Amino acid sequence: MKSTSQLAAVFSLLMLLTASRPVSYGTADPATFLADIKTELTKEWPKNRSITLLFHGHSVPAGYFKTPVVNTLGAYPNQLLKHLKERYPTAVINVLVTAIGGEHSEQGAARFQTDVLPHKPDVLFIDYALNDRGIGVKKARQSWQTMIEQAQQAGIKVILLTPSPDLSVDMSKPDNELNQHANQIRQLADIYQTGLVDSYQAFDTKRQQGDTLSRYMAQGNHPNEAGHTLIVDELMKWF
């Protein structure tokens, strides 16, 4: 049997470990998470204000289709803008894209304070998992946590995106690299109570229904306009 001092030491260690990581409360509710933003979007001049949506990530939000072609207007940030303007015609909405083709989340986190926070976005979307395969889930987790925490400390609403497909990855295998990162992002959304756009699940549902994923891809690792539309359908659930 452990002594009182030993039990106290164990209890102290458990308290320290618990305090050192966020407590899990659950992924944000799409019905309420952006309630204040949606209210602002319905306002008319002169009571309205500019709403800024910022997309931070790699080549997909940057608009790369079949490299080197960049289809800015067909990519999901600007497709989302078009849909939002149809839903909120009196709103002033600014879409900013700080995404860089070929970048992974460590690089994105390194420039977060200089390239993202100064814009003071109302909503931040993070999409790096497709390229994070190059650094692995452990390093990716640290980088995503850094960006999420810095954004939340600045009062910014955060929505995380799981990866869109890479045709070289067999999505029928649950332990594939992309799904490992997707699962980690789902966990982070749960821990930090952020929004979650499960792009991976949207594409995988099409696959499970017998659809051909190549119909949604401009090249092996970049969605075409139809693929970006699948992502926008998930984004719109938050608005």
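The values are calculated or read from the model by the stated rules, or taken from the named source; none is laboratory data. None of the values given here were measured: they were computed from a predicted structure. Every residue, glycine as well, gets a Cβ built from its backbone with ideal geometry; the counts of neighbours run over all protein chains shown. Heads up: the accessible areas ignore ligands, DNA and RNA and are worked out on the full protein's heavy atoms, side chains in. Shrake-Rupley method; radii C 1.70, N 1.55, O 1.52, S 1.80 Å.
Summary table below
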{"quantity": "Residues that are within 19 Å of N78 (Cα to Cα), touching a Lys or Arg at 6+ places or on another chain (Cβ under 9 Å) and surrounded by fewer than 17 Cβ atoms within 10 Å (Cβ to Cβ), drawn from segment 199-239", "calculated": "A226, M236, F239"}
{"quantity": "Answer from L178, L196 - the residue that is crowded, with 17+ Cβ neighbours inside 10 Å, part of a helix (DSSP H, G or I) and aliphatic (A, V, I, L, M)", "calculated": "L178"}
{"quantity": "Where a residue in segment 96-107 is of a type in the set (A, V, I, L, M) and its partner, wherever it lies, is part of a helix (DSSP H, G or I), with Cβ under 7 Å and at least six apart", "calculated": "L96/H119; V97/P61; V97/A62; V97/P77; A99/P61; A99/A62; I100/A62"}
{"quantity": "Matching residues in segment 45-75 - criterion: being closer than 24 Å to L34 by Cβ, touching a residue at least 40 places away in the same chain (Cβ under 8 Å) and either surrounded by fewer than 14 Cβ atoms within 10 Å (Cβ to Cβ) or of a type in the set (S, T, N, Q) (or both)", "calculated": "W45, N48, R49, S50, T52"}
{"quantity": "Members of segment 29-44 found to be under 18 Å from the mean Cα position of the chain (by Cα) and either among the aromatic types (F, W, Y) or open to solvent by less than 20 Å² (accessible area, probe 1.4 Å) (or both), listed by number", "calculated": "F33, L34, I37"}
